[in-house]
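Engineer: Okay, handing you the structure first.
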Amino acid sequence: MTFLFWKRKCASTIYKKMEIGIKHILLFITIVVFIGVFYSIISKRLYNVGKEGFDLSSMGKGSTDMGSIGKGSTDMGSMGKGSTDMGSMGKGSTDMGSIGKGSTDMGSMGKGSTDSRNPKPVEPNTAKPDAPKHFEPKNDSVPNTTCDNNFGDKENLPLKEYIIKACSNSAYDPNYAQPVNVTILETRIAEGYRFLDLNVFSSEGKLYVGYSADNKPTLTNVSIPFTEALDCIKKNAFVKSSMKLDEGIPLLEGTQKIGPSIRDTYVEYPMFVLIRVYRSEKSTLDIIEKVMDHLQTTADSRYYRRGQGKNEEAIEIDGCTPLSKIKGKILFVVDIMNLLQIYTPIETPTADQIPEATRKHLKRFVNIYTAGNIWRHAMVNKSAPLRISDLNQPYKTNLFNMQIMYPSTKETTNPDAHNVIMEHSIQTIVVRPYLTDTNLRAYTQLFKDLKRPMICGAYVHNYIKRLEK
């Protein structure tokens, strides 16, 4: 009996050990299979990343925010009173439709918005300025724009395709004894700037163009009458200047003698005039109404309008407007952030807080707004590098939204325009021409070499690529 009991006990122990061994083997097999599947998935993912590359548009080169663009970043609070940042818009985002027709809210991509995917960088071929090369992009990554323009004529592309020479505080230069004067404004026009900035305020019932470091001008002794500024623009915008520019101005450095220069061609392009208004916080004056009244009484055939008398209103333009439609025209621009800072409570800066009468006055003279969904404040972290996007349309790029970068009051230098254009596809970089730094020289050299104040993005792309080699 003892032997039989011992035999059964041994058998039971062996069976238990075998059972445990089998469980360990099954667990080991399960782990091996899991590791194999996991390795297969990771390997495939790494292969795809290596093959396709990272999407820099979604990364923004490290998710660069508006402040981190550094030199030349857009100072949202610098447009007028307060310090309204984009995040403060909240649910009351600016509805452009309540200011001008056909526009949507601040957060939307606007007319011309596309799929968020962007073309992958493609190495360009060497190209001459007057013959941009086109490159073969990946078919599955080219965004479809909403503009149905003909992209075959470099002088009649949609507006969003052009890099525009632009300057801020266009009648101001601290190097003059009188830092705000008409001569400075005339000089900027002669230099080929086609986006001018006038900081307008009112004193004793009259309008003035002034300057203040905080963008709150009030001193009439550091200003010129608004009438004189407008007269200067109308007189000089479309007539070749005989002004002899100072040799220190970068525009004249190494001027090419072959073919027309920018001083010959600038008169062929439209003139954008930004009306940036200021009034004190306690003021109830509708300064936009005063601007509108002044423009009505000094009406000019070159203002882009339709109708007559009280029915006259501005013709709105957008990124798809062909250049040919606005050549020879003066186009008035207003910044939405500026309006919100002047006309709305800082707690609820929304378009519906702007008085209805003011919105009607805006419709009479404003051709296009910045900071809306058409001509957007620069969105660095959502912008892809500039590329030529269509083999069959060599002047068509991935500039599918108009963007503008105003200078920051916190920066003491101009932005690196080459980097801003190439890495972030920002077309309008508003420089301070009185800061004659290296970046300004490179900026003015670009327009001088390509001999135009508005240059199609394809030319600029190839020009900068050649300089990088």
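Engineer: Can you find even one residue in segment 243-256 that is surrounded by 13 or more Cβ atoms within 10 Å (Cβ to Cβ), at pLDDT 90 or above and farther than 16 Å from Pro217 by Cβ?
Structural biologist: Taking every residue of segment 243-256 in turn, none turns out to be surrounded by 13 or more Cβ atoms within 10 Å (Cβ to Cβ), at pLDDT 90 or above and farther than 16 Å from Pro217 by Cβ.
Engineer: Regarding Gln427, is this residue closer than 20 Å to Val333 by Cβ, free of Cβ contacts under 8 Å to residues at least 60 places away in the same chain and within 19 Å of the chain's Cα centre (by Cα)?
Structural biologist: Considered against the rule, which asks whether it is closer than 20 Å to Val333 by Cβ, free of Cβ contacts under 8 Å to residues at least 60 places away in the same chain and within 19 Å of the chain's Cα centre (by Cα), Gln427 comes out as no.
Engineer: Filter segment 169-197 down to the residues that are small (Gly, Ala, Ser), within 21 Å of Ile330 (Cα to Cα) and surrounded by fewer than 22 Cβ atoms within 10 Å (Cβ to Cβ) and list them by number.
Structural biologist: Looking only at segment 169-197, we keep the residues that are small (Gly, Ala, Ser), and these are 170-171, 177, 190, 192.
Then keep just the ones that are within 21 Å of Ile330 (Cα to Cα); that gives 170-171, 190, 192.
If the condition is that a residue be small (Gly, Ala, Ser), within 21 Å of Ile330 (Cα to Cα) and surrounded by fewer than 22 Cβ atoms within 10 Å (Cβ to Cβ), then Ala190 is the only one that fits.
Engineer: Still on this structure, I have one more. Among residues belonging to segment 447-469 that are buried (at least 21 other Cβ atoms within 10 Å of the Cβ) and of a type in the set (A, V, I, L, M), point out the one that is modelled with the lowest pLDDT.
Structural biologist: Step by step, filter segment 447-469, then rank; the result is Ala458.
Engineer: Any residue that is surrounded by fewer than 21 Cβ atoms within 10 Å (Cβ to Cβ), within 26 Å of Tyr459 (Cα to Cα) and either touching a His at 6+ places or on another chain (Cβ under 9 Å) or not assigned by TED's automatic domain parsing to the domain that holds Glu289 (or both) - is there at least one of those in segment 408-429?
Structural biologist: Within segment 408-429 (the criterion being surrounded by fewer than 21 Cβ atoms within 10 Å (Cβ to Cβ), within 26 Å of Tyr459 (Cα to Cα) and either touching a His at 6+ places or on another chain (Cβ under 9 Å) or not assigned by TED's automatic domain parsing to the domain that holds Glu289 (or both)), the answer is yes, since at least one residue qualifies.
Engineer: Could you check, for segment 363-375, whether at least one of its residues is under 30 Å from Glu468 (Cα atoms) and in the same structural domain as Arg276 (by TED's automatic domain parsing)?
Structural biologist: Looking for residues that are under 30 Å from Glu468 (Cα atoms) and in the same structural domain as Arg276 (by TED's automatic domain parsing), one finds at least one in segment 363-375, hence yes.
Residues are listed down the side, and each one gets a yes or a no for (1) closer than 21 Å to Gly319 by Cα; (2) part of a strand (DSSP E or B); (3) touching a Leu at 6+ places or on another chain (Cβ under 7 Å):
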{"site": "Tyr395", "(1), (2), (3)": "yes, no, yes"}
{"site": "Thr409", "(1), (2), (3)": "no, no, no"}
{"site": "Thr413", "(1), (2), (3)": "no, no, yes"}
{"site": "Asn419", "(1), (2), (3)": "no, no, no"}
{"site": "Val430", "(1), (2), (3)": "yes, yes, no"}
{"site": "Arg441", "(1), (2), (3)": "no, no, no"}
{"site": "Gln445", "(1), (2), (3)": "no, no, no"}
{"site": "His461", "(1), (2), (3)": "yes, no, yes"}
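Engineer: Among helices (runs of 4 or more DSSP H) lying entirely in segment 302-377, which contain 3 or more residues that are farther than 30 Å from Phe151 by Cα and in contact (Cβ under 8 Å) with a residue 12 or more places away in the chain?
Structural biologist: The helices (runs of 4 or more DSSP H) meeting that bar are 336-343, 356-365.
Engineer: Restricting the search to segment 288-301, which residues are part of a helix (DSSP H, G or I) and in contact with a Ser or Thr (Cβ under 8 Å, 6 or more places away or on another chain)?
Structural biologist: Result: Ile288, Glu289, Lys290, His294.
Engineer: Further question: Residue check: is Ala237 surrounded by 14 or more Cβ atoms within 10 Å (Cβ to Cβ), touching a Ser or Thr at 6+ places or on another chain (Cβ under 9 Å) and modelled with pLDDT of 95 or more?
Structural biologist: Taking the combined requirement at face value, the residue does not satisfy it.
Engineer: Out of all the residues in segment 379-398, is one or more under 29 Å from Leu295 (Cα atoms) and buried (at least 20 other Cβ atoms within 10 Å of the Cβ)?
Structural biologist: Checked segment 379-398: no residue is under 29 Å from Leu295 (Cα atoms) and buried (at least 20 other Cβ atoms within 10 Å of the Cβ).
The values are calculated or read from the model by the stated rules, or taken from the named source; none is laboratory data. Not measured: the values here are computed from a predicted model. Glycine also receives a Cβ, built like all others from the backbone with ideal geometry; neighbour counts cover every protein chain displayed.
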